[in-house]
Amino acid sequence: MGERGECRRRALGVTPDLRTPHSRRADRGRGRGRARPGGGTRRLRTPEVRPAALAQPLAVKRSRAANPPTSCSHRVGKGKAVRFGSRVGKMAQQPLLQLPEFQHATTGSLAVAQPLNFWAGARVPSRDAKNSEPVYEPATGRVLCDLPACGAEEVDQAVRSAHAAYLKWRGLSGMERGRVLLEAARIIRERRDQIARIEVVNNGKSITEAEVDIDIAWQTIEYYAGIAPTLSGQHIQLPGGSFAYTRREPLGVCVGIGAWNYPFQIAAWKSAPALACGNAMVYKPSPMAPVTIVILAEIYKEAGVPDGLFNVVQGGAETGSLLCHHPMVAKVSFTGSVPTGKKVMEMSAKGVKQVTLELGGKSPLIIFKDCELENAVKGALMANFLTQGQVCCNGTRVYVQRDILPQFLEEVVKRTKAIPIGDPLLEDTRMGALISRPQLDKVLGFVKEAQKQGARVLCGGEPFVPSDPKLKGGYFMSPCVLDNCRDDMTCVKEEIFGPVMSVMPFDTEEEVLQRANNTTFGLASGVFTRDVARAHRVAENLQAGTCFINNYNTNSVVVPFGGYKMSGIGKENGQAVIEYYTQLKTVVVEMGDVQSLF
Ligand SMILES: NC(=O)C1=CN([C@@H]2O[C@H](COP(=O)(O)OP(=O)(O)OC[C@H]3O[C@@H](n4cnc5c(N)ncnc54)[C@H](O)[C@@H]3O)[C@@H](O)[C@H]2O)C=CC1
């Protein structure tokens, strides 16, 4: 892997320091069950007191069809519907990754015929194929499958199966839960290449990035497997020898609702801490990227979670809303746009459910003239062009101190023009396709609007048609750098969610801080400078949940991530997330006699 690939890998969290001795051991096939996750003091239950479903958590269990599949339809080409019934019925419960079409997924070849819902430990075909939407392959524009949405009855079944599993799972020690999660992490690591290929076909991002996403997914699960045995409360002394203690308890059935830009990774970010804390989860992916989540469900099952502990319901707004309203759901963790996040919060409030909201952003990246310019340029590219610019925490408002603006622009434009765009499954590709035709049109519309408002396009911002004929219908565009931008322009104020960098000059620290904070968003921020005091002063004064100093998008599973202001509520990753998937019970113990006032 070249310097840029290595840089991207580091920036995305797969750094040598993250590949701890434990994970390196595991890579050599010796990691299984060997981790000594930090300092748990609970005693292991003896096998005979374990719930039956978990008697052999590490064994590969044979799938059972809880609901024998009936039939549904899918398309193999634009508009061509094909019925399938008994053949798929037989295949339906074979893990997806074992099916030949999934083993050899290439651009333009995959047709998804299998049910993508999963609850009670099995894939479940949809009842109502009428209410379905096409799912596209972004690199070709082909229809991958038709996705029926789950209705009220299906959502109810999934939630009830989650609740039944939760009652078993919460009784396990953290050590036991951690052991099952470690096995899930091992399986993902083993099948990483295949999962990444399917992610690329469904999402359009480059294989290099998708591989990192899957690595981050198993690292997340491994990390929370280690944290599970450390969950503990506090002992508080009271007068007269009395005392109180606190217990950190799970919430129950948690709902995860995900966006389409990091389908597998977002599901891991939500499910790993939820399950580690003793909860069950019903997960609804975005209907635009529904395929790989069911693979995660199959892997959890294979690792030994009780049937129903991790479930997948497919669908869009209506299915999501059914989940938010379901009375047996204790918490909703949502990743998506601000407008939908507000609705999720409103719906959850009716049942006084906890929410975590990971929403959009329009993050500032501030580059001072005393920076290491080469690093600042690389940082700006990493801040803008990962996943075709469809990243919530991207630093899309790039403020460059006036003195170095010309050199910065020259270098950033040169490198942006050199980004290889094309078939996302090719190793050399660094920019794949945007998620959908409407998203591509929306992003191109932002560029046009920016030009109308006075911005200058220094490069890109055009539809891109790769030479490979099979990619002609794909949703590609050339990455764009905009100069001459002002804070009041639409491209600077609104989240574009595409490969468009807006660059603006600034003069003083005070001025740039005021401008950087002048937004309703507050997800992330970045600063490049060699002045250590300035770096920390700027970090302190930026109103954002994360500030990167002298790099950008170096998110890691061990570091909390979440937004300020309208970019969200709560955190994902790191130890902080434990607060969001548990509740604290206080137990007060009287050691003397009751002193009654009555
Ligand atoms: N802060 C973060 O961690 C991240 C934030 N995002 C944000 O997500 C957005 C892009 O993702 P999209 O999928 O287009 O967002 P979206 O808000 O349209 O959809 C997100 C999810 O919510 C579901 N949904 C839609 N309406 C719903 C409703 N009424 N009730 C319940 N669920 C509903 C969708 O089906 C999807 O699964 C961007 O704004 C981006 O910034 C994306 C990734 C990470």
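I'd like to know if the stretch 564-576 contains one or more residues that are away from the ligand (no atom under 16 Å from the Cβ) and modelled with pLDDT under 95. No, the stretch 564-576 contains no residue that is away from the ligand (no atom under 16 Å from the Cβ) and modelled with pLDDT under 95. Reported count of residues in the stretch 336-385, each being in contact with a Pro (Cβ under 9 Å, 6 or more places away or on another chain), within 16 Å of the ligand (Cβ to nearest atom) and in a helix (DSSP H, G or I), is 2.
Based on what the data block shows, is E249 surrounded by fewer than 21 Cβ atoms within 10 Å (Cβ to Cβ), assigned to a strand (DSSP E or B) and charged (D, E, K, R)? Step through it out loud before you land on a result.
Values: surrounded by fewer than 21 Cβ atoms within 10 Å (Cβ to Cβ): yes; assigned to a strand (DSSP E or B): yes; charged (D, E, K, R): yes.
It is true that E249 is surrounded by fewer than 21 Cβ atoms within 10 Å (Cβ to Cβ), assigned to a strand (DSSP E or B) and charged (D, E, K, R).
Selection within the stretch 278-290: residues that are part of a loop (DSSP other than H, G, I, E, B) and more than 14 Å from the ligand (Cβ to nearest atom). The member of this set that is farthest from the chain's Cα centre (by Cα) is G278. For the stretch 474-510, which residues satisfy the criterion of being among the hydroxyl-bearing types (S, T, Y) and assigned to a strand (DSSP E or B)? Once the filter is applied, which keeps residues that are among the hydroxyl-bearing types (S, T, Y) and assigned to a strand (DSSP E or B), the stretch 474-510 yields only S502. Within the stretch 386-407, which residues are away from the ligand (no atom under 15 Å from the Cβ), assigned to a helix (DSSP H, G or I) and either without any contact (Cβ under 8 Å) to a residue 24 or more places away in the chain or crowded, with 22+ Cβ neighbours inside 10 Å (or both)? Residue satisfying the conditions is P406 alone. Pairs are defined by a Cβ separation below 8 Å, a sequence spacing of at least 6 or placement on different chains, a first member in the stretch 475-490 that is basic (K, R), and a second member that is in a strand (DSSP E or B); the pairs so defined are R486/M504. Just one of the listed residues (F548, F521, F561) is surrounded by 24 or more Cβ atoms within 10 Å (Cβ to Cβ) and under 23 Å from V212 (Cα atoms), namely F548.
With the structure loaded, tell me whether A455 is in the same structural domain as D488 (by TED's automatic domain parsing), of a type in the set (A, V, I, L, M) and away from the ligand (no atom under 16 Å from the Cβ) or whether it fails that test. Answer is yes for this residue.
If you go through the stretch 279-295 and keep only what is of a type outside the set (K, R) and in contact with a helix residue (DSSP H, G or I) (Cβ under 6 Å, 6 or more places away or on another chain), you end up with A280, M281, V282, Y283, P285, A289, V291, T292, I293, I295.
Listed here are the residues, each with its yes/no results for (1) crowded, with 24+ Cβ neighbours inside 10 Å; (2) assigned to a loop (DSSP other than H, G, I, E, B).
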| position | (1), (2) |
| --- | --- |
| L172 | no, yes |
| L181 | yes, no |
| I187 | no, no |
| E199 | yes, no |
| T208 | no, no |
| E211 | no, no |
| T220 | yes, no |
| G240 | no, no |
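Every residue in the stretch 408-439 that is part of a helix (DSSP H, G or I) and either within 16 Å of the ligand (Cβ to nearest atom) or among the charged types (D, E, K, R) (or both), please. Can you show your working first?
Going through the stretch 408-439, the residues part of a helix (DSSP H, G or I) turn out to be 408-417, 437-439.
Once the filter is applied, which keeps residues that are part of a helix (DSSP H, G or I) and either within 16 Å of the ligand (Cβ to nearest atom) or among the charged types (D, E, K, R) (or both), the stretch 408-439 yields E410, E411, K414, R415, K417, R437, P438, Q439.
Per-residue answers, yes or no, for (1) in the same structural domain as R537 (by TED's automatic domain parsing); (2) buried (at least 24 other Cβ atoms within 10 Å of the Cβ):
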residue	(1), (2)
K284	no, yes
D307	no, no
M328	no, no
F334	no, yes
A383	yes, yes
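Which residue is farthest from I207 (Cα to Cα), if the candidates are limited to the stretch 254-277 and must be within 8 Å of the chain's Cα centre (by Cα) and not in a loop (DSSP other than H, G, I, E, B)? The residue in question is K270. Looking only at residues in the stretch 127-156 that are in a loop (DSSP other than H, G, I, E, B) and over 25 Å from the mean Cα position of the chain (by Cα), the one that is modelled with the highest pLDDT is R127. Screening the stretch 310-325 for residues that are buried (at least 24 other Cβ atoms within 10 Å of the Cβ) and more than 9 Å from the ligand (Cβ to nearest atom) and picking the one that is farthest from G121 (Cα to Cα) gives Q314.
The values are calculated or read from the model by the stated rules, or taken from the named source; none is laboratory data. The structure displayed is predicted, hence computed values, not measured ones. No Cβ is skipped: glycine too gets one built from the backbone with ideal geometry, and neighbour counts run over all protein chains shown.
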